[in-house]
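Engineer: Take a look at the following structure, please.
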Amino acid sequence: MRKPIIAGNWKMYKTNTEARALVNGLKEKTMPAAVEVVLCPPFTALTTVAELLQGTAIGLGAQDLFWEDEGAYTGEVSPLMLKELGCSYVIIGHSERRQYFGETDETVNKKVKAALRHGLKPIICVGESLQQREAGETNAFVAGQVEKALDGLAPESIPQVVIAYEPIWAIGTGRSSSGSDANEVIGLVRQTIAKKFGSSLAEQVRIQYGGSVKPGNIKEFMDQPEIDGALVGGASLKAEDFYGIISY
Ligand code: PEP
């Protein structure tokens, strides 16, 4: 059985003061035992959030990393640095990074390998644009992204991987996928992993849906057999909303 994982991607929101208020708001609530909950604040708030999360069941993740351990890479953050701060997850290849910061399937693959090398679990984001969906290219495009992201990985690392299927047209738009459409693509993601690594490993990979998830629609996704959680952007920025999602 795969334990569902719901992660909050705070994107470029929350100063340290605001981060503290959000985490304290969440800590007032009882966390559901059946779901793994992870917070992914910006780099600048990782230490603050890590300290506040000590002794709780909530995990910590970063929103990106660089693939080298150290070096002359101004502005970048290494897996070692994240590990030392207490991160156990890292989001890789979010569509905003692919769109605005030149991330490619090749850089995503390097980052996935670097994360795993240091014991960080990657949350790998994949998903099609509206144009690709309308052209009937979703399945081929998403399967290609998954194949390239996992290329060259050791089979034993596959159960550590989390995939987030996030159709780009659903991110931050208020227009979510239907549960059944998301389930279909996520099923295809699992088949793609199975072709590469075998079905018993593919069955262990948790695959989230992401894109305008809210308290009012989370159940529709969690009820689907292939969907193992959610990556939540906007609705993870308020304790009430995020709690409404994790306690679906
Ligand atoms: C995201 O940032 O990964 C995301 C899914 O955003 P939102 O929930 O706001 O659509």
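The values are calculated or read from the model by the stated rules, or taken from the named source; none is laboratory data. In this text, all values refer to a predicted model and were calculated from it rather than measured experimentally. Heads up, the Cβs are rebuilt from the backbone with ideal geometry, glycines too, and the neighbour counts pull from every protein chain shown.
Engineer: Which of the residues that make up the range 124-155 are more than 14 Å from residue 186 (Cβ to Cβ) and outside any helix (DSSP H, G or I)?
Structural biologist: Correct list: 129, 135, 136, 137, 150, 151, 152, 153, 154.
Engineer: Next question, about the same structure. Pairs only if they're at least six apart or on different chains, beta carbon under 8 angstrom, first in the range 222-242 and over 17 Å from residue 20 (Cβ atoms), second part of a helix (DSSP H, G or I) and within 8 Å of the ligand (Cβ to nearest atom); list them, first residue then second.
Structural biologist: Every condition considered, the pairs that remain are 241/235.
Engineer: Hey, another quick one. Looking at 186, 158 in this structure, which one is more than 16 Å from the ligand (Cβ to nearest atom), in a helix (DSSP H, G or I) and not hydroxyl-bearing (Ser, Thr, Tyr)?
Structural biologist: Result of the check over 186, 158: 158.
Per-residue answers, yes or no, for (1) more than 18 Å from residue 233 (Cβ to Cβ); (2) of a type in the set (S, T, N, Q):
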site: 7; (1), (2): no, no
site: 11; (1), (2): no, no
site: 22; (1), (2): no, no
site: 26; (1), (2): no, no
site: 30; (1), (2): yes, yes
site: 33; (1), (2): yes, no
site: 39; (1), (2): no, no
site: 42; (1), (2): no, no
site: 48; (1), (2): yes, yes
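Engineer: Among the residues of the range 218-248, which ones are assigned to a helix (DSSP H, G or I) and within 14 Å of the ligand (Cβ to nearest atom)?
Structural biologist: 218, 221, 234, 235, 236, 241, 242, 244, 245, 246, listed by residue number.
Engineer: Pick out the one residue from 7, 19, 115, 45 that is under 22 Å from residue 145 (Cα atoms), at pLDDT 95 or above, away from the ligand (no atom under 15 Å from the Cβ) and surrounded by 18 or more Cβ atoms within 10 Å (Cβ to Cβ).
Structural biologist: 115
Engineer: Continuing with this model, one more query. Note down all Cβ pairs under 9 Å where the first residue falls in the range 199-217 and is within 12 Å of the ligand (Cβ to nearest atom), the second is in a loop (DSSP other than H, G, I, E, B) and of a type in the set (Lys, Arg), and they're at least six residues apart or on different chains.
Structural biologist: 211/175; 212/175
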